[in-house]
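Report on one structure; see the data block that follows.
Taken together, the values in this text are just the output of simple stated rules run on the coordinates, not laboratory data. This is a predicted model, so every value here is computed, not measured. All Cβ positions, even for glycine, are placed from backbone atoms using ideal geometry, and neighbour counts span all protein chains on display.
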């Protein structure tokens, strides 16, 4: 095995001037970085001597960089100090510390980032904040509660132990997202011919220009002498444009712009394209311009044309109105905007009459489009929050983990979620599909929590398929039925025993018990949705089929001789304002008081939980046992709780009520 001296990198790069250790160390080489030089001072027994020499730099299996000098006698000398003088290119991992690291940030390239430090970088008790930036990054959070974002690219993220928040990323790095532009004046001075075409590197995007003479074309050239019209706040230069000139009637020329990426995290398509076409007018000529745009698959992309003067705009076509204009006048200017993504733009110029003609195209501004990476996120031990986008793989590991889907990061690529079955308690692993699920698209392959948890597939709003396994709870509906309390409305899931709730009959009453049960929203378990305003509710309300709503008014008086009755929700379905909401999973939350009460849920009067025989049968075994501890007599006599607060009508009666 080689013997060398450990190099102390400045940051995470190997550079001239990095200090080198003075003790020779035997190491195992993982990678040969390259050859280089060092300078050192050694003690010869009488005084210090300066020396230098060549050698080889290695990355060792312990994660450190070593310099192995070529001179065999260097290892026998007593080194006093040393530093690198000539080094090969090398960028190593980014390391944190054993404590809390506030900002570990990667570069545009492919980074490896550790929340800890050598010699054991995957451990360390700190709560780290890590951002991979652009590129395909590998990130290890280590111990502690870490917050990790992969940024763009295909990242591999491991949270380690502790309760971590992991996000694969999807937003393009700010340096890549910045607006770019094609500048005509960069191709040469005034009247430089561009008919042969060119490619201009704008940074992350290259733009290729081609010119085609369609019959009456004269030239396509740089124009810097004619001042261009630019509206307030627009970024276009007034002294840089493409001049398109024709010789007479008919098709003149086609100018084509094609975009290509110079960066692995950026697409060959661009977005938010904008430029102006100036000097659109009529004399012995009449200008006509058609602007066409296409995506990478050759599909047409919408183009928005905005004329400031009397020019006619129809679809992608501009036809000059009567009268002459100049390049710096708004009346002859048309703003072109293409939201994209767009890969190719064609500017097709022609003349509807006989005389020679000319128009100008300003510099073209646009934004790069990110490529969302396919990330792998591993929560490790602890209760983690894992945010996923298109193409990602999420693994919860130990603990009660929550998986959420970032709608903005969906790309149509498949997503995979595995909750993990170790060290769980309470609710276990939760998959939150709020706002991203196609209604009714969940297909279960397993519903038995004791045999590995909920498993199956779901189709998301962008058409992508999410495959999940080892999940205990799936949230598909907007959380937070709002319950009226003396301090205003509160989400039902935030209430706890002892909290005061406003009741219709007895004012403020303490909540004695609250329970919940998550079930598939299928068959007789599917919830009933009351559309906003259907029963006085100020937002949509979802309740279980047997849950009873307070019905008031002349219909109740007419049918039952009472001004108010309670009717089961399933019997009020009219397939218009009251519907059955199939698909996914639903969590039913039950509130119990000392007596049966009428509470206000999302603005609608509705019953509290009534522990009759049917009500008790709807509870999970643990919830039922908990309720029996609070109300022991219910175990042997379900009627001991007391009467319902209103007359409860039967299903057929309720259906008649709904029809009135």
In nm, to one decimal, how far is the residue 299 label point from the residue 213 one, both placed 7 Å along Cα→Cβ? 3.8
Label residue 28 and residue 356 with points 7 Å out from Cα along Cα→Cβ: what is the distance between them in nm? 7.9
Fewest-first sequence of 585, 549 by Cβ atoms within 10 Å of each Cβ: 585, 549
Between residue 312 and residue 201, the FRET efficiency computed from the C-beta separation at R0 = 35 Å comes out, to the nearest 0.05, as 0.40
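Fewest to most neighbouring Cβ within 10 Å: what's the order for 401, 297?
If I rank by nearby Cβ atoms, fewest first, I get 297, 401.
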May I ask you to compute the full-extension gain from residue 35 to residue 577, defined as 0.36 nm times their residue separation minus their alpha-carbon distance, rounded to one decimal in nm? 187.5 nm
Take the alpha carbon atoms of the stretch 328-358, find their center, do the same for the stretch 255-287, and report the distance between the two centers in whole angstrom. 9
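Can you bin the stretch 482-659 into rounded, prolate or oblate? Criterion: square roots of the alpha carbon gyration tensor eigenvalues sorted a ≥ b ≥ c, rounded for a/c under 1.5, prolate for a/b above b/c, oblate for the rest.
Values: a/c = 1.34, a/b = 1.26, b/c = 1.06.
Rounded, because the longest to shortest axis ratio a/c is under 1.5.
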Taking 51 Å as R0, compute the FRET efficiency from the Cβ-Cβ separation of residue 239 and residue 85 and round it to 0.05. 0.55
Stretched fully, the stretch from residue 465 through residue 658 gains (0.36 nm per residue minus C-alpha distance, one decimal, in nm) 65.6 nm
Based on the alpha-carbon gyration tensor of the stretch 3-86 and its eigenvalue square roots a ≥ b ≥ c, which shape applies: rounded if a/c is under 1.5, prolate if not and a/b is larger than b/c, or oblate? prolate
Peptides 567-573, 589-595 ordered by average Cβ neighbours within 10 Å, highest first: 567-573, 589-595
How do 325, 392 rank when sorted from fewest to most other Cβ atoms within 10 Å of their own Cβ? 325, 392
If we sort 285-294, 54-63 on the protection proxy, mean other Cβ atoms within 10 Å, highest first, what's the order? 285-294, 54-63
Please list 522-535, 34-47 highest first by mean number of surrounding beta-carbon atoms within 10 Å per residue. 522-535, 34-47
Between residue 178 and residue 1, what is 0.36 nm times their sequence separation minus the Cα-Cα distance? Round to one decimal in nm. 58.8 nm
Using a simple spin-label model with points 7 Å from Cα along the Cα→Cβ vector, what separation in nm is obtained for residue 629 and residue 457? 4.3
